[in-house]
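The structure under discussion appears below in the form of structure tokens.
FYI, it's all coordinate maths here, none of it is from the lab. The structure displayed is predicted, hence computed values, not measured ones. FYI the Cβ positions are ideal-geometry reconstructions off the backbone, even for glycines, and counts take in every protein chain you see.
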Amino acid sequence: MEDFLDKLILSAEHLKVIDDSLQSYPPYSQESQKLKNINFFTEILKEIYVGGKKRSWGRRSGYDRQMILGDLLQYIFTGRGYYFAVRGKDEFESFIRILLRISNLLILMEDISVETNLRRTILANLENTIGDNLFETPEDREKFQRLLQYDGKIVGNAGNSYEEAFDSILPKRVGGVPELLVYTYLIRKNYGYVVPLLQAQRLLGKREYIVPPDFLLLRSKGEAFGLEVGAGKESQISSFSTVTSMPVFTVGIGSLWQPQPFRCGKCQKWITYCDEVIEQCATNRDGNKKKLDCANCEKFDNGNCEGIVYHGRARDYAGNEKDLRYHYECVRNDPVVINVLRRARTPKLIAPFPWVSGLENIKEE
């Protein structure tokens with residue numbers, strides 16, 4: 001991912017050099033000053049970078065750094081990457097691989113919720129590099145320092161009081177991953193032409209705005225649908241449909257009620273997508289499967305492949321027996337797992353595919 005970010009920085013530096021050089025040109029510098037004098041100008045800057053996260057009804061005084069970071073990353077691929085993807089079959093397949101690998105990297109960022117030392121290193125590096133701009137208010141600084149000193153996990157109810165500061169550090173956290181994965185799925189299937197609206201969180205017009213779904217799907221015979229990733233947004237969907245007369249479907253990666261990515265029940269880190277799954281998706285050989293039977297994969301290596309997921313009963317992180325998804329490496333020596341695998345009649349060693357639910361009423365064209 002560092003190569004993409006380096007290019008993004010170069011683009012910003014390029015524009016900065018032009019702007020700095022033109023400050024000696026009076027008409028330009030005068031217009032720049034008039035821009036800065038506009039009411040609420042400093043507020044719009046907070047939509048580019050802001051020092052933390054603060055909720056507020058209607059967003060009048062709220063800010064969400066995690067959303068900004070997520071939007072910038074998604075723009076690289078949904079706002080520019082398609083120019084590369086349309087060059088040919090090989091480029092398109094590489095584009096799918098890139099999207100899935102980026103999704104894995106975003107999933108792995110979440111490991112700092114359980115890796116305390118790694119989290120502290122990242123927090124310290126952010127403070128040393130960004131300095132005062134890392135904090136919007138003294139309250140944001142205080143929350144950050146409390147998080148820096150915390151040595152526990154931030155999973156579920158654990159570390160809940162640190163959640164706001166932690167959430168502001170990462171780009172939309174795992175919430176951005178399902179959006180990229182849905183996009184990846186849609187562009188390689190035959191549901192229609194995909195219009196990503198991930199950066200268009202508000203559509204302006206008539207001096208008002210409406211909240212659009214995450215994607216529009218343009219189909220033959222003038223059909224158009226909205227697709228919203230994730231459940232629980234009924235009022236937003238209803239409002240958009242009422243204004244536009246366009247139906248909106250709720251979709252998700254995996255089941256809407258048990259969405260991917262999955263968290264390992266043992267180490268509590270998120271489960272990434274394995275090499276074989278990525279390759280089958282890139283070449284569109286997944287056949288809409290929900291999982292790969294690892295025992296039939298040439299990369300199985302007698303159960304030593306690091307991408308294997310065990311789906312069944314095992315002792316979880318608290319020592320309780322639960323039917324969950326686990327990194328096989330985390331539980332392979334668990335007597336409960338050994339016993340289950342000995343008696344299993346259906347595959348228990350699997351690798352999940354990023355399949356999309358909610359499209360049952362939309363047929364491929």
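Data table
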read-out: Net charge of Cβ neighbours under 14 Å - reference residue 324; Lys, Arg +1; Asp, Glu -1; value: +4
read-out: Square roots of 5 times each gyration tensor eigenvalue, C-alpha, the stretch 260-355, largest first, Å; value: 23, 14, 11
read-out: Given 172/233; 53/153; 7/290; 34/143; 7/289; 36/172, the pairs whose alpha carbons are separated by over 24 Å; value: 7/290; 34/143; 7/289; 36/172
read-out: Rounded tilt (10° steps) of 176-187 against the dominant C-alpha axis of the chain; value: 80
read-out: Tilt relative to the chain, helix 65-74 - C-alpha long axis, 0 to 90 degrees, to 10; value: 80
read-out: Helix axis angle, 116-130 relative to the chain longest principal axis, alpha carbon, degrees; value: 20
read-out: Alpha carbon convex hull of the stretch 200-320, projected area averaged over orientations, nm²; value: 11.4
read-out: Alpha-carbon gyration tensor eigenvalues x 5, square-rooted, for the chain, Å; value: 38, 28, 20
read-out: Value at 222 nm in deg cm²/dmol, rounded to 500, when DSSP H runs of n ≥ 4 in the chain each add -39,500 (n - 2.57); value: -12000 deg cm²/dmol
read-out: Protection proxy ranking of 315-324, 348-357, 112-121 - average other beta-carbon atoms within 10 Å, highest first; value: 348-357, 112-121, 315-324
read-out: Partner aspartates and glutamates for residue 221 [C-alpha distance under 13 Å; skip if fewer than 8 residues away on the same chain]; value: 365
read-out: Spacing of the two label points (7 Å from each Cα toward its C-beta) at residue 239 and residue 306, in nm; value: 4.5
read-out: Separation in nanometres of the label points that stand 7 Å from Cα toward Cβ, at residue 285 and residue 133; value: 4.6
read-out: Set of lysines with alpha-carbon distance to residue 291 below 24 Å, sequence-local pairs under 8 removed; value: 189, 266, 269, 299, 322, 348, 363
read-out: All-pairs alpha carbon distance profile, the stretch 46-171, 10 Å steps from 0, percent; value: 12, 36, 30, 16, 6, 0
